[in-house]
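Following: one structure in structure tokens, then a few remarks.
The values are calculated or read from the model by the stated rules, or taken from the named source; none is laboratory data. Keep in mind it's a predicted model, so treat the numbers as computed, not measured. Here the Cβ positions follow ideal geometry from the backbone for every residue, glycine too, while neighbour counts run over all protein chains shown.
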Amino acid sequence: MIQSMTGYGKSVFQLPNKKITVEIKSLNSKNLDLNVRVPSAYREKELDLRKKIAASLTRGKVDFNLYVELTGEATSTQVNESVVLQYMKQLARINDGDPIELMKMAIKMPDALTTERDEIDESEFNSILSAVEEALDSINTYRTDEGKSLENDFLMRGENIASLLDRVMELDQERIANVKERLRRAIGELKETVDENRFEQELIYYLEKYDITEEQVRLKTHLDYFSEALQSKTSNGKKLGFISQEIGREINTIGSKANYAPMQQLVVQMKDELEKIKEQALNVL
């Protein structure tokens, strides 16, 4: 079963004095491109978080965000009173203004506020890890659901290509007759006597160059292989991309050999369906 690389997962939980929010977003990418944003207090745990995320999300452009909101009375930020008072004295010497206004200015100065760095509580971090697991489960469920939609679209477009191929083969005899007629008409316009046996031999050689039987067989094989790959236990977008390239090669060859407008119109439709498959395959994990 295929999975999309596009996904979203979120988990929120409440501690006695903190609200923790874990958010994960992902888009398509050739490899794993992981961007982790955590508060500075949790920076030492970033490597552990990266390993956990990478083990679950093997590909995609992934943005991980950890938000911490203080909800209790405790805070690690304190007013640096001595620094604020010193600023106020300096400002008062410049302009003898209202003390409240001086305080408003002083509190915005460098080092007016200090933040004490607390050690990370292990039980708190274990709760965060549980939230990360929940968010990862959520985003993987999202990716699986998106994968089902992609799979249905792939199957539909593969069936469309197969149906167009059948119509191409229905036109094949008509195409051959048309080519023969054009050649005979061209020979007739030369007003020269033609050896009928030699003409038939040359015609057979000419038509063999435009035979599309092998391309038809290979194209059907590639379409079947693509459908089998969709049912694989593991999602492999790169494999689907490779098969799509082979499908495109056969379609292009049929188009170059067609030499018949109604058949070439069908080939254009096949190419259009394949382009949509290739575009969607880029988003498969």
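The number of residues in segment 55-66 that are in contact with a Gly (Cβ under 9 Å, 6 or more places away or on another chain) and over 14 Å from residue 139 (Cα atoms) comes to 0.
Contact annotation: residue pairs with Cβ atoms under 9 Å, 6 or more positions apart or on different chains, pairing a residue in segment 130-141 that is under 11 Å from residue 12 (Cβ atoms) with a partner that is of a type in the set (A, V, I, L, M), are 131/12; 131/20; 131/22; 131/66; 134/22; 135/22; 135/24. Could you identify the single residue in 59, 50, 93 that is within 30 Å of residue 279 (Cα to Cα) and without any contact (Cβ under 8 Å) to a residue 40 or more places away in the chain? Exactly one residue qualifies, and that residue is 50. Residue 268 meets the conditions (1) without any contact (Cβ under 8 Å) to a residue 60 or more places away in the chain; (2) β-branched (Val, Ile, Thr); (3) surrounded by 20 or more Cβ atoms within 10 Å (Cβ to Cβ); (4) out of contact with any Asp or Glu (no Cβ under 9 Å at 6 or more places or on another chain) in every case but one. The failed one is (3).
Residues of segment 219-250 that are free of Cβ contacts under 8 Å to residues at least 60 places away in the same chain, of a type in the set (Val, Ile, Thr) and in a helix (DSSP H, G or I): 221, 243.
Specify which of the listed residues (18, 10, 61) is among the charged types (D, E, K, R) and within 30 Å of residue 104 (Cα to Cα). So that I can check it myself, show each step before the final result.
Numbers: 10 fails: within 30 Å of residue 104 (Cα to Cα); 61 fails: within 30 Å of residue 104 (Cα to Cα).
After applying the criteria, what remains is 18.
For segment 40-54, the count of residues that are within 23 Å of residue 141 (Cβ to Cβ), in contact with a Lys or Arg (Cβ under 6 Å, 6 or more places away or on another chain), at pLDDT 80 or above and surrounded by 12 or more Cβ atoms within 10 Å (Cβ to Cβ) is zero. Among the residues of segment 64-101, the one identified as at pLDDT 85 or above, aliphatic (A, V, I, L, M) and either part of a helix (DSSP H, G or I) or farther than 30 Å from residue 282 by Cα (or both) is 68.
Against the condition surrounded by fewer than 16 Cβ atoms within 10 Å (Cβ to Cβ), modelled with pLDDT of 90 or more, basic (Lys, Arg) and closer than 30 Å to residue 156 by Cα, how does residue 239 come out, does it pass?
Numbers: surrounded by fewer than 16 Cβ atoms within 10 Å (Cβ to Cβ): no; modelled with pLDDT of 90 or more: yes; basic (Lys, Arg): yes; closer than 30 Å to residue 156 by Cα: yes.
For residue 239, the condition - surrounded by fewer than 16 Cβ atoms within 10 Å (Cβ to Cβ), modelled with pLDDT of 90 or more, basic (Lys, Arg) and closer than 30 Å to residue 156 by Cα - is not met.
Contact annotation: residue pairs with Cβ atoms under 8 Å, 6 or more positions apart or on different chains, pairing a residue in segment 96-111 that is among the small types (Gly, Ala, Ser) with a partner that is at pLDDT below 80 and not in a helix (DSSP H, G or I), are 106/112. Of all the numbered requirements in (1) among the aliphatic types (A, V, I, L, M); (2) over 24 Å from residue 163 (Cβ atoms); (3) modelled with pLDDT of 85 or more, residue 183 misses one, and that requirement is (3).
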